[in-house]
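A.B. asks: One structure, as structure tokens, below. Some questions next.
The values are calculated or read from the model by the stated rules, or taken from the named source; none is laboratory data. Bear in mind the structure is a predicted one, so any value in this text is a computation, not a measurement. We place every Cβ from the backbone using ideal geometry, glycine too, and count neighbours over all the protein chains shown. Calculation scope for accessible area: heavy atoms of the full protein, side chains included, ligands and nucleic acids excluded. Shrake-Rupley method; radii C 1.70, N 1.55, O 1.52, S 1.80 Å.
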Amino acid sequence: MATLVEKTLEQRVRGFVEVENLSVSFKRKGQSVHVLESVNFKIEPGEFICLLGPSGCGKSTILNVIAGFIQPSSGFVFVDKRHVDSPSADRGFVFQQYSLLPWKTTYQNVEFGLKIRGVPKAKRSELVNYYLNRVGLFKHRHSYPHQLSGGMQQRASIIRALVNSPSVLLMDEPFAALDAQTRHMMQELLLTIWSDLKTTVIFVTHDIEEALFLSDKIFVMGVNPGRIKEKIDVTLDRPRHADGLLSPEFISLNRQVFELIREETLKSMDMD
Amino acid sequence: MSTSSKRSLKASPLAKVNTTIAHCFKALSRRDRSASNQQKLNAQVFRRILSLVLFFGIWQLLCLNRFNFFINFENVPSPIEVAQATVQFVTGNPMKHIQASAIRVLSGFTIAAVLGISLGILIGWFKKIEDFIFLPLELLRPIPAVAWIPLAILMFPTSESGMIYLTFIGAFFPILISTIRGVESTDLLLLRVGQCLGAKQWHIFKDIVVPGAMPNIASGLVIGMGNSWFCLVTAEILAGRYGVGYITWESYVTSNYPPIVMGMLLIGLMGAASAYAVDRLTCLLMPWRITKKKSA
């Protein structure tokens, strides 16, 4: 019985993401606004990447293009060598807003993707229950979303994406609406799950500490037009714990990133 | 907030004691609250009964004094006369009339619900269908049931089907419009959720659009049920012998006033009761909303 779960956890050679010359612009009042200009990067399977930048730098736009929600003006996205042009279950998405379907219980929400793909009931329940247990939601499996706290809803959203074993997990400021304590717990939980699954993660945030704590690499983004300004390797040891936030290495990285972001934030404020 | 199951295993015995104490306090305050809730409820029931007593009392007084200042109560049947008419009606053969009316309203309402919901979903979801049928429907919508009487007589083979058509007209438009609004207001976020879980059109439709529209559809059904009863008197102008609306209209024609008011009140009562029943039934279909009310 346990073999099924193990199998789905083992098969990790997927999750190779390539973004080539990606530009996004749209027309506003007859003028074209460049949201993103020639963004290039490659992500290896199993990497945890943060897109970090001030608001308006287009970091969520990159995520939306990779998800297939919006079409780029030029350039391409490939996931596992396949061209991305529309949303699919191999790119899981966790939204900033609470996005569980209000008319489904926690269990039904997590099960939804598997059910759509016609996975047999017994397999579904094994997988869903495994993940519910993994994030401590098993006893809330029959609750409706409005009966859950914000942190619980986001945990359910994360496993709703992961249960489909996506090549890449896209996370758009998923913890931004949570209080500081809950946010820390969620970050630690996310890292433990990720270290088991080794799913490629692209995580959008504007919080420097969050980016440093979570990621292998940070892509710091600039504004006007949105682009990747610098790629920073986060060399902090794993597994990471909250007390690591006080290490000298962490503090010096934090300062370095802070300076980069500060420049861009000032630029974006001037333009407004 | 407890998160992983690992964490809860670590809970110390002291913490357990603390939570037990907290539970006791909660239980106590809950009992207090339920006692004061009971009082509040009693006061509420009392006020509502009083409102009815005042309503009928003032009406009786206006009739007794033959009130006549712009509005004339001289010929208005008093509550006592209405009560006498009611007793007469009830001891006669009331079920024949009630049944006839209820069947008409229920048939009209059921057809309206089926057509209104399915057309509403199609119009709300498919732009082309909206282009093809929405304008003619908008043109028909403001026409009141009374104006349909001549055509109902001309178009339908029996007066029974004509009457059902008139009650249908009353219910159809509110159900249609609410369904369209409900479908159109589908949350883009939830559509995206479905897409990146691999949902194709059918699943998005069945699991996201339709359940999302259900609260709107439900309020359309409640309003539609009320409107169906509105249209009953109009419909039963066509009636041969039975129906609550028929009694009301017939009594007017024969200048027998008390049964008119009785018929009006009876229609009000049955309309309110059936609208309430529709409300309850639709709530049963949406368990995720009932619990919302309770927890609020």
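A.B. asks: Taking Cα pairs under 8 Å and at least six residues apart, what relative contact order does chain A come out at, in percent?
C.D. replies: Over chain A, the number comes to 26 percent.
A.B. asks: Chain A: percent of C-alpha pairs farther apart than 28 Å?
C.D. replies: Summing the P(r) of chain A above 28 Å gives 36 percent of all pairs.
A.B. asks: Okay, moving on. Above 27 angstrom, tally the Cα pairs of chain B and express them as a % of all pairs, no decimals.
C.D. replies: Taking all Cα-Cα pairs of chain B, the fraction more than 27 Å apart is 61 percent.
A.B. asks: Of the accessible area of the protein assembly as shown, with the probe set at 1.4 angstrom, what percent is carbon plus sulfur?
C.D. replies: Its accessible area is 62 percent carbon and sulfur atoms.
A.B. asks: If I fit a long axis through the Cα atoms of helix B:258-285 and take the longest principal axis of the Cα atoms of chain B, what angle between them do I get, 0 to 90°, rounded to 10?
C.D. replies: 20 degrees
A.B. asks: Same structure again: List the residues whose amide H sits under 5 Å from the amide H of A:E230, counting only those 5 or more places along or on another chain, with H placed 1.01 Å from N in the peptide plane.
C.D. replies: Counting only residues 5 or more places away or on other chains, the set is A:V220.
A.B. asks: Considering only B:P77, B:P136, B:P211, give the residue with the highest GNM mean-square fluctuation for chain B, with springs between Cα atoms whenever their separation is below 10 Å.
C.D. replies: B:P136
A.B. asks: Another question about this same structure. Over the protein assembly as shown, what number does the Rg to Rh ratio reach, with both radii from the alpha-carbon atoms and Rh per Kirkwood?
C.D. replies: 1.11
A.B. asks: Okay, next question. Treat each spin label as a single point 7 Å out from the Cα along the C-beta direction, and report the B:R241 to B:S255 distance in nm.
C.D. replies: Rounded to a tenth, the inter-label distance reads 2.7 nm.
A.B. asks: Ballpark to the nearest 100 Å², how much total accessible area do A and B bury together, probe 1.4 Å?
C.D. replies: 2600 Å²
A.B. asks: With every protein chain left in place, what is the accessible area per residue of the range A:2-271 in square angstrom, probe 1.4 Å?
C.D. replies: That works out to 44 Å² per residue.
A.B. asks: Using unit Cβ charges (K, R positive; D, E negative) and no other charged atoms, how large, in debye to the nearest 20, is the dipole of the range B:191-296 about its Cα centre?
C.D. replies: 680 debye
A.B. asks: Using 0.36 nm per residue, how much length does the chain from B:F126 to B:V146 gain when fully extended, once their Cα-Cα distance is taken away?
C.D. replies: Between B:F126 and B:V146, full extension yields an extra 3.9 nm.
A.B. asks: I want to verify a result. In a Gaussian network model of chain B, Cα cutoff 10 Å, which of these has the top mean-square fluctuation: B:F205, B:F134, B:F46?
C.D. replies: Checking each option, the largest mean-square fluctuation is seen for B:F46.
A.B. asks: Give me, ordered by chain and number, the residues 5 or more places off B:F67 or on other chains with an amide H under 5 Å from its own placed amide H.
C.D. replies: B:F73
A.B. asks: Taking only the C-alpha atoms, wrap a convex hull around the range A:50-196 and report its volume per residue in Å³ as a whole number.
C.D. replies: Each residue corresponds to 130 Å³ of Cα convex hull volume.
A.B. asks: Could I ask something else about it? Extending each Cα 7 Å along its Cβ direction at B:L154 and B:R47, get the distance between those two points in nm, one decimal.
C.D. replies: A separation of 5.3 nm, rounded to one decimal place.
A.B. asks: Looking at the range A:141-205, which chymotrypsin sites (Phe, Trp or Tyr not before Pro) are DSSP coil and have at most 15 other C-beta atoms within 10 Å of their C-beta?
C.D. replies: Filter output for the range A:141-205: empty list.
A.B. asks: Measure nothing fancy, just the Cα-based angle from helix B:159-184's long axis to the longest principal axis of chain B, in degrees from 0 to 90, nearest 10.
C.D. replies: Around 30 degrees separate the two axes.
A.B. asks: Exposed loop trypsin sites (Lys or Arg not before Pro) only (DSSP loop, at most 10 other Cβ atoms within 10 Å): please give the longest stretch of chain B free of them, not including the sites.
C.D. replies: Free of exposed loop sites, the longest segment is B:11-199.
A.B. asks: What are the trypsin sites (Lys or Arg not before Pro) within the range A:80-111 that DSSP puts in a loop, where the Cβ has at most 10 other Cβ atoms within 10 Å?
C.D. replies: Hits after loop and neighbour filter: A:K81.
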